[in-house]
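Chemist: Can you keep this structure in mind? I'll have questions shortly.
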Amino acid sequence: MSNDEKILSVIKNESDEKIKALNDDAEKVYLEITGDAVKKAEEIKRSGEHRVQLQAENLLKAFRSRAELERRNALLRIKRKEIEKTIVKLHEHILSMSDKDYFRFILRLAEKLDYTEGIMYFNSSDLKRMPKNFQMVLEDHSINSKLSDTPDDSIDGGFILKNGDIEENMSISSLIEEKREKLEDLISSELFKD
C-alpha cells in the first residue's frame, strides 16, 4: 500500500468514525425532537378538535424536517472539514517528498508547459535541496529554461517560469487551487464511499 493510500485510509477511517458519531448524535437529537413533537401531537389529538389535530400533524412534520435538515448540515460540515484536511495533507506530502521524487515531480510539471524558455524561480528551501545537475536534467528533457540563483520565497514549493511579461505559476499552492474542484470530487468519492 503506497503512502498516498495509507494517508487516504487513515483519513477515511477517522472520517468514518466522526460521521458515525455525528449520525448517532443527530439520531439522538432527532428522537428527542420527534419524541417531544409526538407527545404534543398526542395531547392535541386527544382534545378532539379537528383543526387542532391538523396543527399537531403539521408541527410534527416541521420538527422532523428541522431535525433532518440539521443532521444533513452537520454531515456536510464534517465532509467539508475532512476534504480540506486531506487537501492540506496532500500539499504537505508533495513538499515533504524525497529530493529525488520532488525534483522528478518538478520535471514533469515543467514538461507539461506550452513553452519552456525563460528563467525558473524556486524558493530558498528548494534551491538548497536542488540536485547539482538539475540544469542539465532540464536540458536533457528539452527544457531551455535557466535556473535563477535568486530565491522567490513568495511560493511554497514548485516554481515560477518567467519569460519577459509571460509568467507561468507552477507553485504547489497554485496548482492545488487550480485543480481544487477536481481534487475535492476525487477525495469525496474516496473518503465517503457508500
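The values are calculated or read from the model by the stated rules, or taken from the named source; none is laboratory data. Worth saying up front: this structure is predicted, and the values here are computed from it rather than measured. Cβ coordinates were reconstructed from backbone atoms using ideal geometry, including for glycine residues, and neighbour counts include every protein chain displayed.
Chemist: Residue pairs, Cβ under 6 Å, 6 or more apart or interchain, first in segment 123-134 and without any contact (Cβ under 8 Å) to a residue 40 or more places away in the chain and on the phi < 0 side of the Ramachandran plot, second among the aliphatic types (A, V, I, L, M) and part of a helix (DSSP H, G or I). List them.
Modeler: Close Cβ pairs (under 6 Å, with a partner that is among the aliphatic types (A, V, I, L, M) and part of a helix (DSSP H, G or I)) do not exist here.
Chemist: So, residue 77, is that one part of a helix (DSSP H, G or I), surrounded by 12 or more Cβ atoms within 10 Å (Cβ to Cβ), modelled with pLDDT of 80 or more and basic (Lys, Arg) or not? Spell out the reasoning first.
Modeler: Details: part of a helix (DSSP H, G or I): yes; surrounded by 12 or more Cβ atoms within 10 Å (Cβ to Cβ): no; modelled with pLDDT of 80 or more: yes; basic (Lys, Arg): yes.
When the stated conditions are applied, residue 77 does not pass them.
Chemist: Follow-up. Quick check on my filter: what residues within segment 87-99 are in contact (Cβ under 8 Å) with a residue 24 or more places away in the chain and not aliphatic (A, V, I, L, M)? Before the answer, list the steps.
Modeler: From segment 87-99, those in contact (Cβ under 8 Å) with a residue 24 or more places away in the chain are 87, 89-91, 93-95, 99; that's our starting set.
Within segment 87-99, 89, 91, 93, 99 qualify.
Chemist: Could you pull out the residue among 90, 109, 69 that is in the same structural domain as residue 139 (by TED's automatic domain parsing) and modelled with pLDDT of 85 or more?
Modeler: On the way: 90 fails: in the same structural domain as residue 139 (by TED's automatic domain parsing); 69 fails: in the same structural domain as residue 139 (by TED's automatic domain parsing).
Result of the check over 90, 109, 69: 109.
Chemist: Please go through segment 116-147 and pick out each residue that is small (Gly, Ala, Ser) and in contact with a Phe, Trp or Tyr (Cβ under 8 Å, 6 or more places away or on another chain).
Modeler: Step one: list which residues in segment 116-147 are small (Gly, Ala, Ser), which gives 118, 124-125, 142, 145.
Selection gives nothing.
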